[in-house]
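The values are calculated or read from the model by the stated rules, or taken from the named source; none is laboratory data. These numbers come from a predicted model, not from an experiment. All Cβ positions, even for glycine, are placed from backbone atoms using ideal geometry, and neighbour counts span all protein chains on display. SASA here: full protein model, heavy atoms, side chains in, ligands and nucleic acids out. Shrake-Rupley method; radii C 1.70, N 1.55, O 1.52, S 1.80 Å.
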Amino acid sequence: MDYLQAIVLAIIEGITEFLPVSSTGHMIIASSFFGISHDEFTKLFTIVIQLGTILSVVVLYFKRFFQSFDFYYKLLVAFIPAVIFGLLFSKKIDALLENPVTVAVSLLIGGIVLLKVDDWFSKETEITRSQDISYLTALKIGLFQCLAMVPGISRSGASIVGGMTQKLSRNTAAEFSFFLAVPTMLGATAKKCYDYYKDGFVLTHDQINFLIIGNVVGFIVALIAIKSFIGFLSKNGFKLFGYYRIIVGIALLVIHFCIQKLDVI
């Protein structure tokens, strides 16, 4: 990895983390394009720079994020399924991260869902404030979030759709998804750093700089992405993201099978 690659990956992370398009899928695509997808530090980098995007949520929603202990308890309840599934299936998840077909198919299926989600839940909105979410609803949203452990299924997309199935408005579901990202990303970052340390890897001076730059760039880009997404979502819904995912998914499948044929020849 070099400095330009670190900046590009951080920009992609900042843009895609809170959009229903799968940040993990896009990071896999970008790192594969750069030829660094199998590098251990790249895998660490793509997780650790999520700290910058986490900070953007805290900054944007500072007052609401620190509103009550009850709200934290609900986030904890929603976070628990990710902890359980992450510990149980971490090795299988790591294997899926290197499979471009999994990413492409997940993007495609998720895109089809997003084309329909506005119609499915357009008249069922009852909860318009995140503080009105019950513990059971929080748990159900957390279970939906676990779907995103499959690369290409967006964490934000899965949790937002999960919220809408529980009669949250689009904006409320999106905002709770942002809040839920904080413990989820902190947990994922802590585990990845521990695994990296346990395996005996030591960061070089340049790698530390890459992580600093990645977090700063990710933070700035995520601030803009979150504000833009909420405004766009209120007016337009999910269909554009659905079409985007379908196009990218099909393109990835075509490229993958073309490369396979060329290798055979």
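For the subset of segment 69-95 comprising residues that are over 28 Å from LEU203 (Cα atoms) and in contact with a Cys (Cβ under 7 Å, 6 or more places away or on another chain), which member is most open to solvent (accessible area, probe 1.4 Å)? It would help to see each step written out before you state the result.
Keep residues of segment 69-95 that are over 28 Å from LEU203 (Cα atoms), which gives 69-81, 84-85.
Those left that are additionally in contact with a Cys (Cβ under 7 Å, 6 or more places away or on another chain): 81, 85.
Numbers: PRO81: 6, PHE85: 83 Å².
For segment 69-95, the residue satisfying everything is PHE85.
Can you confirm whether THR184 is over 17 Å from ASP118 (Cα atoms) and of a type in the set (S, T, N, Q)? Working first, answer last.
Numbers: over 17 Å from ASP118 (Cα atoms): yes; of a type in the set (S, T, N, Q): yes.
In short, yes.
In the list ILE47, ILE28, ILE54, which residue meets the criterion of being in contact (Cβ under 8 Å) with a residue 40 or more places away in the chain, under 22 Å from LEU211 (Cβ atoms) and in contact with a Lys or Arg (Cβ under 7 Å, 6 or more places away or on another chain)? Outline the logic, then answer.
Details: ILE28 fails: in contact with a Lys or Arg (Cβ under 7 Å, 6 or more places away or on another chain); ILE54 fails: in contact with a Lys or Arg (Cβ under 7 Å, 6 or more places away or on another chain).
Step by step, each of ILE47, ILE28, ILE54 is checked, and only ILE47 is in contact (Cβ under 8 Å) with a residue 40 or more places away in the chain, under 22 Å from LEU211 (Cβ atoms) and in contact with a Lys or Arg (Cβ under 7 Å, 6 or more places away or on another chain).
When you go through (1) open to solvent by less than 70 Å² (accessible area, probe 1.4 Å); (2) under 25 Å from ILE220 (Cα atoms) one by one for PHE66, which number turns out not to apply?
So PHE66 meets the others, but not (1).
Does GLY214 count as modelled with pLDDT under 85 and not polar (S, T, N, Q)? Walk me through how you get there before you give the answer.
Working: modelled with pLDDT under 85: no; not polar (S, T, N, Q): yes.
So GLY214 does not fit the description; no.
Look through segment 159-188, keep the residues that are modelled with pLDDT under 85 and more than 16 Å from LEU147 (Cβ to Cβ), and return whichever of them is least open to solvent (accessible area, probe 1.4 Å).
Our first condition is that a residue be modelled with pLDDT under 85; within segment 159-188, this holds for 170-171, 188.
Next, from what is left, pick out any that are more than 16 Å from LEU147 (Cβ to Cβ): 170-171.
Numbers: ARG170: 71, ASN171: 51 Å².
Restricting to residues being modelled with pLDDT under 85 and more than 16 Å from LEU147 (Cβ to Cβ), the top hit is ASN171.
What residue, of PHE257, PHE201, is out of contact with any Lys or Arg (no Cβ under 8 Å at 6 or more places or on another chain), closer than 27 Å to LEU51 by Cα, open to solvent by 60 Å² or more (accessible area, probe 1.4 Å) and of a type in the set (A, V, I, L, M, F, W, C)?
Sole residue among the options that is out of contact with any Lys or Arg (no Cβ under 8 Å at 6 or more places or on another chain), closer than 27 Å to LEU51 by Cα, open to solvent by 60 Å² or more (accessible area, probe 1.4 Å) and of a type in the set (A, V, I, L, M, F, W, C): PHE201.
In segment 1-49, how many are among the charged types (D, E, K, R), modelled with pLDDT of 85 or more and over 13 Å from the mean Cα position of the chain (by Cα)? Walk me through how you get there before you give the answer.
Within segment 1-49, the subset among the charged types (D, E, K, R) is 2, 13, 17, 39-40, 43.
Within this subset, residues satisfying the condition of being modelled with pLDDT of 85 or more are 2, 13, 17.
So of that shortlist, the ones also over 13 Å from the mean Cα position of the chain (by Cα) come out as 2.
Total satisfying the criteria: 1.
So, in segment 1-25, how many residues would count as being over 12 Å from ILE49 (Cα atoms), in contact (Cβ under 8 Å) with a residue 40 or more places away in the chain and of a type in the set (A, V, I, L, M)?
Counting residues in segment 1-25 that are over 12 Å from ILE49 (Cα atoms), in contact (Cβ under 8 Å) with a residue 40 or more places away in the chain and of a type in the set (A, V, I, L, M) gives 4.
Provide a single number: the residues in segment 1-26 that are touching a Pro at 6+ places or on another chain (Cβ under 9 Å) and not in a helix (DSSP H, G or I). Outline the logic, then answer.
Narrowing segment 1-26 to residues touching a Pro at 6+ places or on another chain (Cβ under 9 Å): 22, 24-25.
When the remaining residues are screened for being not in a helix (DSSP H, G or I), the result is 22.
Count: 1.
Specify the residue that is most open to solvent (accessible area, probe 1.4 Å); the eligible residues are those in segment 1-54 that are of a type in the set (Ser, Thr, Tyr) and within 23 Å of VAL161 (Cβ to Cβ).
So the residue we want is THR24.
Looking only at segment 228-246, which residues are open to solvent by 40 Å² or more (accessible area, probe 1.4 Å) and more than 15 Å from THR16 (Cβ to Cβ)? Spell out the reasoning first.
Going residue by residue through segment 228-246, those that are open to solvent by 40 Å² or more (accessible area, probe 1.4 Å) are 228, 232, 234-236, 239-240, 243-244.
Listed by number, the residues that qualify are SER234, LYS235, ASN236, LYS239, TYR243.
Out of LEU147, LEU87, LEU143, report the one residue that is of a type in the set (A, V, I, L, M) and in contact (Cβ under 8 Å) with a residue 24 or more places away in the chain. Can you show your working first?
Numbers: LEU147 fails: in contact (Cβ under 8 Å) with a residue 24 or more places away in the chain; LEU87 fails: in contact (Cβ under 8 Å) with a residue 24 or more places away in the chain.
Of LEU147, LEU87, LEU143, the one residue that is of a type in the set (A, V, I, L, M) and in contact (Cβ under 8 Å) with a residue 24 or more places away in the chain is LEU143.
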